[in-house]
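Visitor: Submitted below is the structure of interest, expressed as structure tokens.
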Amino acid sequence: MTTRRLLLALVGILSVVVIIGGIVVTTLAVTALRAPADAETLVLGDDQQISLIQSNGQRRTIASDASADLFRYPTLAPDGQRIAYISQDAEGIALLSLNLRSGERTELYRSRDNPPLYATWSPDGQNISFLTNVRNGGLGVHVVGADGTQPSELLGFSARSSYFAWQPDGSTILLHIGGSVFEEGRVARFRPGNTEPLAELLDPGFFQTPAWSVDGTQFYYVAQPQVDGNASAVESVLTRVAADGSGPETLATEKLAAMLFLRAPLNEDIAYVTAGTNSFGALKLVGADGVLTTLSRPDEQVPAFFWSPDGTQIAYLTVTPTGGNSAPRFNWHVVDRTSGVVSDLGSFTPSRAFVAMVSFFDAYAFSFDLWSPDSRKLIYGADDGVFVVEVSSGAVERHADGVLGMWVGQR
């Protein structure tokens with residue numbers, strides 16, 4: 001395979017059209033334990049409704065105008081008291097903030113030509129970053145104050161893809177722009193209110209979402225060394241650098257594959273999976289001590305994973321094809337970070353919304369939690385409703401009608 005053909009194949013892994021087992025979907029940090037086991041959940045329906053389900057099972061509709069489109073999912077504020085969600089009505093598409101207790105709504109952004117999609121809060125709860133589908137093509141990256149007193153600002157634009165991660169204190173945002181284009185992407189750090197980057201790197205490779213260190217003094221991204229016509233030299237280098245982009249340190253290297261990664265909630269452990277030209281790879285972990293280990297079982301292909309809030313477990317998915325045009329089945333597994341023991345939690349046919357979320361799991365990790373705040377349960381969207389599985393026993397219960405669920409609590 002020539003270098004050009006190889007690069008085009010890898011670009012397909014991170015392009016705006018994602019294919020998983022025959023389902024086609026078109027696109028585009030946490031602290032310690034903070035809530036009891038009976039935390040509330042949010043459930044997104046396919047009927048423009050968002051419901052809050054209390055610990056006693058009582059369901060209350062909190063929004064009836066939510067967009068039912070893929071990638072326009074609610075996102076939970078760090079205080080657990082507010083959400084940002086995207087509404088859709090005859091007047092267009094808007095981004096709103098909603099107080100879960102008072103019901104107060106604040107419109108933050110509205111546009112017919114450049115409608116919003118994926119959104120997430122800054123860790124201090126003061127700002128919300130979001131993407132827009134630009135009318136003439138491409139994606140805009142915006143930041144808007146959560147109080148709605150000021151108009152949004154456009155920080156960046158990409159003809160193909162954009163991802164972002166907030167510094168833990170909420171002071172700056174790290175953008176990965178043009179990440180599906182070989183040798184044309186960039187990683188840049190911005191301060192809200194200033195469209196000039198504070199630092200910029202021009203060597204990002206094939207990955208999606210960057211991540212910050214726990215203390216915010218460093219960040220992680222995937223670099224791509226220059227390639228001089230030799231296909232076997234194409235590689236992704238998981239790299240840690242200072243906040244200003246200096247002092248790069250190599251953590252792991254993978255050849256001929258993209259790397260999708262997430263930092264552990266409480267320390268500098270980095271888990272990642274690879275996406276090659278034909279398949280996904282194993283779940284691996286670079287410990288804070290620099291040791292690289294494989295966490296998934298031999299020959300398992302892992303498209304997505306999710307850290308538990310306490311950092312002791314990682315839930316990951318594998319896919320079982322069903323043949324023909326039938327939707328594939330997802331299989332839940334949980335690996336203990338200390339012992340390495342893997343437990344199987346059953347399988348399910350996912351909803352389209354869940355498949356879309358899984359395609360960009362590293363980005364949605366900043367938006368909401370599939371793990372309960374006490375690290376005991378997982379919530380997921382299946383084709384016949386939203387379900388909750390208890391990790392220790394594997395017991396599964398149908399939680400509600402809907403296509404996607406998330407836990408409510410401080411993030």
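The values are calculated or read from the model by the stated rules, or taken from the named source; none is laboratory data. These numbers were taken from a predicted model, which means no experiment stands behind them. Here the Cβ is made from the backbone with ideal geometry for all residues, glycine too, and neighbour counts use every protein chain on show. Note: areas computed on protein heavy atoms with side chains; ligands, DNA, RNA excluded. Shrake-Rupley method; radii C 1.70, N 1.55, O 1.52, S 1.80 Å.
Visitor: Test each condition in (1) surrounded by fewer than 18 Cβ atoms within 10 Å (Cβ to Cβ); (2) under 18 Å from Thr106 (Cβ atoms) for Ser152 and report the one that comes out false.
Guide: (1)
Visitor: Quick one: what pairs do we get from the range 37-63, first residue farther than 19 Å from Asp79 by Cβ, second of a type in the set (Phe, Trp, Tyr) and open to solvent by less than 80 Å² (accessible area, probe 1.4 Å), C-beta under 8 Å, 6+ apart or different chains?
Guide: Leu44/Tyr73
Visitor: Within the range 169-183, is even one residue under 19 Å from Met259 (Cα atoms), open to solvent by 70 Å² or more (accessible area, probe 1.4 Å) and either touching a Phe, Trp or Tyr at 6+ places or on another chain (Cβ under 7 Å) or of a type in the set (Asp, Glu) (or both)?
Guide: The answer is yes; a qualifying residue exists.
Visitor: I'm told Pro265 meets every condition in (1) at pLDDT 95 or above; (2) not in a loop (DSSP other than H, G, I, E, B) except one. Can you identify the failing condition by its number?
Guide: Among (1) at pLDDT 95 or above; (2) not in a loop (DSSP other than H, G, I, E, B), Pro265 violates only (2).
Visitor: Within the range 275-298, identify whether any single residue is open to solvent by 40 Å² or more (accessible area, probe 1.4 Å) and basic (Lys, Arg), and answer yes or no.
Guide: Checked the range 275-298: at least one residue is open to solvent by 40 Å² or more (accessible area, probe 1.4 Å) and basic (Lys, Arg).
Visitor: Scanning the range 184-230 for residues that are assigned to a loop (DSSP other than H, G, I, E, B), open to solvent by 10 Å² or more (accessible area, probe 1.4 Å) and among the hydrophobic types (A, V, I, L, M, F, W, C), which turns out nearest to Phe261 (Cα to Cα)?
Guide: Val214
Visitor: Only one of (1) under 17 Å from Ala353 (Cα atoms); (2) outside any loop (DSSP other than H, G, I, E, B) is not met by Leu70, so which one is it?
Guide: All conditions are met except number (2).
Visitor: Which of the following residues is open to solvent by 10 Å² or more (accessible area, probe 1.4 Å), closer than 30 Å to Asn267 by Cα, at pLDDT 95 or above and hydroxyl-bearing (Ser, Thr, Tyr): Ser347, Ser392?
Guide: Ser392
Visitor: Which condition from (1) surrounded by fewer than 16 Cβ atoms within 10 Å (Cβ to Cβ); (2) in a loop (DSSP other than H, G, I, E, B); (3) not hydroxyl-bearing (Ser, Thr, Tyr) is the one that Asp369 breaks?
Guide: (1)
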